[in-house]
Number of protein chains: 2
Amino acid sequence: MSAQDASPPATTLSYEQAGVNYDLIDPLKISAQRAAAATGIHLAAHGFSEVPASRGESAYVVDVGPFYLASIVECLGSKALVADEMQKLTGRSYYDAIAQDTIAMAINDLITVGATPLVVQAYWAAGGSDWFGDAQRAQTLVAGWKRACDTCGVAWGGGETPALAGIVEGGRIDLAASCTGLIQPKERLSVGDRLGPGDAIVLLASSGIHANGLSLARKLVERLPQGYLTPLPDGTTYGQALLAPTVLYSPVTEALFKAGIVPHYCANVTGHGWRKLLRHPAKLTYRMQAIPKVPAVLRFIQEQARQDDREAYSTLNMGAGFALFVAEKDAQRTVDVAQACGVEALVAGRVEAGDKQLLIEPLGIRFGDDDLQLR
Amino acid sequence: MSAQDASPPATTLSYEQAGVNYDLIDPLKISAQRAAAATGIHLAAHGFSEVPASRGESAYVVDVGPFYLASIVECLGSKALVADEMQKLTGRSYYDAIAQDTIAMAINDLITVGATPLVVQAYWAAGGSDWFGDAQRAQTLVAGWKRACDTCGVAWGGGETPALAGIVEGGRIDLAASCTGLIQPKERLSVGDRLGPGDAIVLLASSGIHANGLSLARKLVERLPQGYLTPLPDGTTYGQALLAPTVLYSPVTEALFKAGIVPHYCANVTGHGWRKLLRHPAKLTYRMQAIPKVPAVLRFIQEQARQDDREAYSTLNMGAGFALFVAEKDAQRTVDVAQACGVEALVAGRVEAGDKQLLIEPLGIRFGDDDLQLR
């Protein structure tokens, strides 16, 4: 049965229906952010200070004198559940891919502020000691983690491998990564103060769903008679395609710096899909005149979930994994540098004075400020 | 029923019986450590280098030129399960204490290498969005986290609050913290090269079980007719006593530096109890001639689990939460500085040339190198 034959179900499946209720999480987030903001003053006792604009950005930045220090902790999310199901169905472990996803969650956020990632720490919390007893799975996790560190040129410092029976479900693992980096020279700092009208928007290609939207993708499986083994038009299965590892973008940002290009702003396209392009707090219009190719797995999810383009682009990355906002004169060279790193890229739009909005002209979509409170 | 009346059960309860099987975890740990060690060379491309001696220490250290950068991620472990049970029994949330425990796990490890902790990131992975819907519990978590950051003078940079249904158990939360710090001036680096015969061993008091040994402590509850509400001799309940938050030791290490005292080595006494005093790779004898007061809750656990002193000191901290190895001339002043910070301390022993062993003379206990492979 090809994907085309799998007739889409009658009802639309939204992200909220897939099980994440932000209304319950957001009050805690807000009070935590407020409490966290009140602790920045402690740095003064050590002769340092925070970069206030980094509060609300993807990584926290401290001015330590000769350079800035950036740090972050990020969670993989529920993608490991797909790897677990696919291991049952195919007998092979996909934890090498899952490892890369986990590191990508941290690295791709850390680089948005202009940091060079230096050290990654692993957080692998299993539901019991027996998780680590599956040697094939454990070794693919280690191998994938190392390979991702090699790709990004970071040192794997160490980490934690607790067995948390009673907290993590039996047979499952909760994966996260912390990452520390430096912004050096300090001119590389990118927290949005240079963004302005006239800037070009370069989109870096994603490899598929990456590690956001998996709740929806997993929910959808219940509607597919062949489940994760449903073939996509390109011959891969739905499960395999979901498990394409997230692209690591730090080789691109490092190469850009070496080429003399300092982005004015960066946005990692994760949860909330293209609405992440509205992340910057300024009142600016982002006019997209071209869109990247949509990976087959995302088109399939859109069709199966009966989402219109507006809902799909507001939830999934739809082929754009990372956005670079650069000076217009640097736009084509940014694309060239990315492609030399093996990452497809596209000058997709420009920043204009105007209302805070994202216009995706080829699709006739507009997202306004009211479509999302991201920060 | 007082603690004395609770007659100890007939059989000894070891840590392995309490559910953690290191034989399954250790092969993964070793292959992960080997893979991680091979990534240190990446730092050279950025003009930096790792401090090789920090591999195997509690925090990973990178030489970034004007100072050293230290980073870590640490997990709370299963202590949150005690807080959950106690909330059911008493109606009050203990997550303020649990927050401090989580931060202490990261901070108390980070400071062993001589680092000043600067930034903490929160990792709070719940079993579902509804965890965050219990406003009292969520607010105590936020308040305790902030208070611990205030105590340590660190900035709370941000973090992750994922809802991980299907990975984290419903109603539970997996708590971890990452921490980044600087070693400045570089002379503060403490990775053991200065440790030697003649050094004094100063022990800083613990507040109770801290966050290690909880699997054993929880297992024991099944043997107690009154469970967590079993009264201890000092009038608190077993559950309350277990939930005394871990002491944060960074105010002491910061005050020591201001007093001109640079420890030759530090050991955070966590899992494996006093065997952690054997952490340093050198062939040295640690002769303890005094021991700190044992917190009531640890004495109670020892009695109820029918552990002899040797087993108790090899599992639990038994009143010593952190060990400072300092020049003999600095020993008493180290105690004075700690006490001025509100932390009880004791010159407990000295380092001698000889076999690698820990001698706890008041108890006639000897731990040799073969009693533990810690690194």
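Quick check on segment B:205-227: of everything there that is part of a helix (DSSP H, G or I) and of a type in the set (A, V, I, L, M), which residue is surrounded by the fewest Cβ atoms within 10 Å (Cβ to Cβ)?
Per the stated criteria, the residue is B:221.
Quick one: count up the residues across segment A:23-58 that are modelled with pLDDT of 95 or more, on the phi < 0 side of the Ramachandran plot and not in a helix (DSSP H, G or I).
Looking only at that region, the number is 6.
What is the residue count in segment B:51-63 for residues that are farther than 30 Å from residue B:141 by Cβ, at the interface with another protein chain (Cβ under 10 Å from one of its Cβ atoms) and either open to solvent by 40 Å² or more (accessible area, probe 1.4 Å) or among the small types (Gly, Ala, Ser) (or both)?
Residues that pass the stated criteria total 3.
Restricting attention to segment B:255-278, report how many residues are in contact with a Ser or Thr (Cβ under 9 Å, 6 or more places away or on another chain) and open to solvent by 30 Å² or more (accessible area, probe 1.4 Å).
Residues in segment B:255-278 being in contact with a Ser or Thr (Cβ under 9 Å, 6 or more places away or on another chain) and open to solvent by 30 Å² or more (accessible area, probe 1.4 Å): 6 in total.
Among the candidates A:174, A:199, which residue alone is touching a His at 6+ places or on another chain (Cβ under 7 Å) and surrounded by 19 or more Cβ atoms within 10 Å (Cβ to Cβ)?
Result of the check over A:174, A:199: A:199.
Which condition from (1) farther than 25 Å from residue A:172 by Cβ; (2) within 7 Å of another protein chain (Cβ to nearest Cβ) is the one that residue B:178 breaks?
(1)
So how many residues does segment B:84-108 have that are more than 30 Å from residue A:62 (Cα to Cα) and surrounded by 24 or more Cβ atoms within 10 Å (Cβ to Cβ)?
The number of residues fulfilling the criteria is 1.
Name the single residue that is farthest from the other protein chains (Cβ to nearest Cβ) among those in segment B:123-159 being in a helix (DSSP H, G or I) and over 23 Å from residue B:81 (Cβ atoms).
B:151
Can you tell me which residue within segment B:228-254, out of those that are of a type in the set (Gly, Ala, Ser) and open to solvent by 10 Å² or more (accessible area, probe 1.4 Å), is farthest from residue B:183 (Cα to Cα)?
That would be B:235.
Taking segment A:325-351, which residues are touching a residue at least 40 places away in the same chain (Cβ under 8 Å), open to solvent by 30 Å² or more (accessible area, probe 1.4 Å), of a type in the set (D, E, K, R) and within 19 Å of residue A:195 (Cβ to Cβ)?
Across segment A:325-351, the qualifying residues are A:328, A:333, A:350.
Please list, ordered by first then second residue, the pairs with beta carbon atoms under 6 Å, 6 or more apart or interchain, first in segment B:304-324 and more than 21 Å from residue B:202 (Cβ to Cβ), second at pLDDT below 95 and among the β-branched types (Val, Ile, Thr).
Going by the 6 Å Cβ cut-off, the qualifying pairs are B:306/B:12.
Could you figure out which of (1) closer than 30 Å to residue B:335 by Cβ; (2) touching a residue at least 40 places away in the same chain (Cβ under 8 Å) isn't true of residue B:150?
Residue B:150 satisfies all of (1) closer than 30 Å to residue B:335 by Cβ; (2) touching a residue at least 40 places away in the same chain (Cβ under 8 Å) except (2).
Could you tell me how many of the residues in segment B:289-324 are more than 19 Å from residue B:224 (Cβ to Cβ), open to solvent by 10 Å² or more (accessible area, probe 1.4 Å) and among the hydroxyl-bearing types (Ser, Thr, Tyr)?
1
Identify, by number, the condition in (1) over 21 Å from the mean Cα position of the chain (by Cα); (2) in a helix (DSSP H, G or I) that residue A:352 doesn't meet.
It is condition (2) that residue A:352 fails.
Can residue A:111 be described as facing chain B (nearest Cβ under 8 Å) and crowded, with 23+ Cβ neighbours inside 10 Å?
For residue A:111, the condition - facing chain B (nearest Cβ under 8 Å) and crowded, with 23+ Cβ neighbours inside 10 Å - is not met.
Only residues in segment A:35-48 that are assigned by TED's automatic domain parsing to the domain that holds residue A:66 and surrounded by fewer than 19 Cβ atoms within 10 Å (Cβ to Cβ) count as the first member; pair them with residues that are in a helix (DSSP H, G or I) and modelled with pLDDT under 95, Cβ under 7 angstrom, at least 6 apart or cross-chain, and list the lot.
No pair meets every condition.
Starting from residues that are more than 11 Å from chain B (Cβ to nearest Cβ) and not in a helix (DSSP H, G or I), keep the ones in segment A:64-98 and report whichever is farthest from the chain's Cα centre (by Cα).
Top of the filtered list is A:91.
Among (1) without any contact (Cβ under 8 Å) to a residue 40 or more places away in the chain; (2) under 19 Å from residue A:338 (Cα atoms); (3) of a type in the set (Gly, Ala, Ser), which single condition is residue A:259 missing?
Unmet condition: (1).
The values are calculated or read from the model by the stated rules, or taken from the named source; none is laboratory data. Here the structure is a predicted model, which is why all the values come from computation and not from measurement. Heads up, the Cβs are rebuilt from the backbone with ideal geometry, glycines too, and the neighbour counts pull from every protein chain shown. In case anyone asks, the SASA skips ligands and DNA or RNA and just uses the protein heavy atoms, side chains included. Shrake-Rupley method; radii C 1.70, N 1.55, O 1.52, S 1.80 Å.
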